[in-house]
Amino acid sequence: MADLLIELGCEELPAGSVLPMAQHLANSLAKVLQQTELCSTPPHVFATPRRIAARFSEVGEREADTQVERRGPAKSAAFKDGEPTKALQGFMRSAGVTVNQLSTVDTPKGEWVVVRQTQAGRLLADVLAGALADAIKTMPMPRRMRWGAGSDEFLRPVVWLTALHGSQVIPLQVLGLTSSNQTRGHRFHAAGTITLATPADYEATLNTA
């Protein structure tokens, strides 16, 4: 478990849009993290004209493994003269199993072939990749603009992406950017990038910049 920080650094955002956008980012990520049981604590929301960000406490590195059951053909159609039929062979290929790994289950419609497998939980990076893209896509803003030669759209050009879990950078790519452990302070009084050691350093680091 470790703290998680996600920050989108932008060109100056309109004042009325900053907080709603930051809250949407935090709430969207929180919903996914709760659904995947990676985090149950509420987010801390950060919003300034140049950034929208959310920090979460006690976030896991990957989802828990789950047990899944896949149903194949009816047992009566699965075997002929003791040998697997084409229907069963196709099911085994799709599930990546052999006959020895099959089970049967009784249903009101008869006996069916099933396979029970362990499905590995996704890594935090994989969960966040989709969640962040969806949050950006559904983020409330009066209009969207494009910049540079890309096709990405946002209220203002997005300049940097911070994604940090503990001391580790979460590898993410959105809006033509690759995540890092770097943020930025005041445009004139603290020019240049600032490296964050952990999400817990966020407020103190920016207060000095």
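Would a scan of segment 139-159 turn up a residue that is small (G, A, S) and either within 30 Å of F79 (Cα to Cα) or touching a residue at least 60 places away in the same chain (Cβ under 8 Å) (or both)? No, because not a single residue in segment 139-159 is small (G, A, S) and either within 30 Å of F79 (Cα to Cα) or touching a residue at least 60 places away in the same chain (Cβ under 8 Å) (or both). For segment 166-202, the set of residues classified as closer than 16 Å to R50 by Cα, open to solvent by less than 70 Å² (accessible area, probe 1.4 Å) and not hydrophobic (A, V, I, L, M, F, W, C) consists of Q182, T183, G185, G192, Y202, listed by residue number. Restrict the check to segment 4-17 and report whether at least one residue is under 22 Å from N181 (Cα atoms), of a type outside the set (D, E) and in a helix (DSSP H, G or I). The answer is no, given that none of the residues of segment 4-17 is under 22 Å from N181 (Cα atoms), of a type outside the set (D, E) and in a helix (DSSP H, G or I). Among residues that are at pLDDT below 95 and surrounded by fewer than 14 Cβ atoms within 10 Å (Cβ to Cβ), T138 is not included.
Taking A129 as the residue in question, decide whether it is touching a Pro at 6+ places or on another chain (Cβ under 8 Å) and either part of a helix (DSSP H, G or I) or β-branched (V, I, T) (or both). Spelling it out, it is not the case that A129 is touching a Pro at 6+ places or on another chain (Cβ under 8 Å) and either part of a helix (DSSP H, G or I) or β-branched (V, I, T) (or both). For segment 61-83, the criterion of a residue being under 21 Å from P43 (Cα atoms), acidic (D, E) and either outside any strand (DSSP E or B) or open to solvent by 40 Å² or more (accessible area, probe 1.4 Å) (or both) is satisfied by at least one position. Looking only at residues of segment 95-126 that are within 26 Å of A2 (Cα to Cα), modelled with pLDDT of 90 or more and not in a loop (DSSP other than H, G, I, E, B), we find that the one that is farthest from the chain's Cα centre (by Cα) is L123. Number of residues in segment 110-135 that are open to solvent by less than 50 Å² (accessible area, probe 1.4 Å), under 30 Å from A78 (Cα atoms) and in contact with an Asp or Glu (Cβ under 7 Å, 6 or more places away or on another chain) equals 1. In segment 21-41, what residues are open to solvent by 60 Å² or more (accessible area, probe 1.4 Å) and outside any loop (DSSP other than H, G, I, E, B)? Of everything in segment 21-41, those that are open to solvent by 60 Å² or more (accessible area, probe 1.4 Å) and outside any loop (DSSP other than H, G, I, E, B) turn out to be Q23, N27, K31, Q34, Q35.
The values are calculated or read from the model by the stated rules, or taken from the named source; none is laboratory data. Treat the numbers as computed from the prediction; the structure is a model and nothing was measured. Don't worry about glycine lacking a Cβ; one is built from the backbone with ideal geometry, like all the others, and counts go over all protein chains shown. Side chains are part of the model used for accessible areas, which takes the heavy atoms of the whole protein and leaves out ligands, DNA and RNA. Shrake-Rupley method; radii C 1.70, N 1.55, O 1.52, S 1.80 Å.
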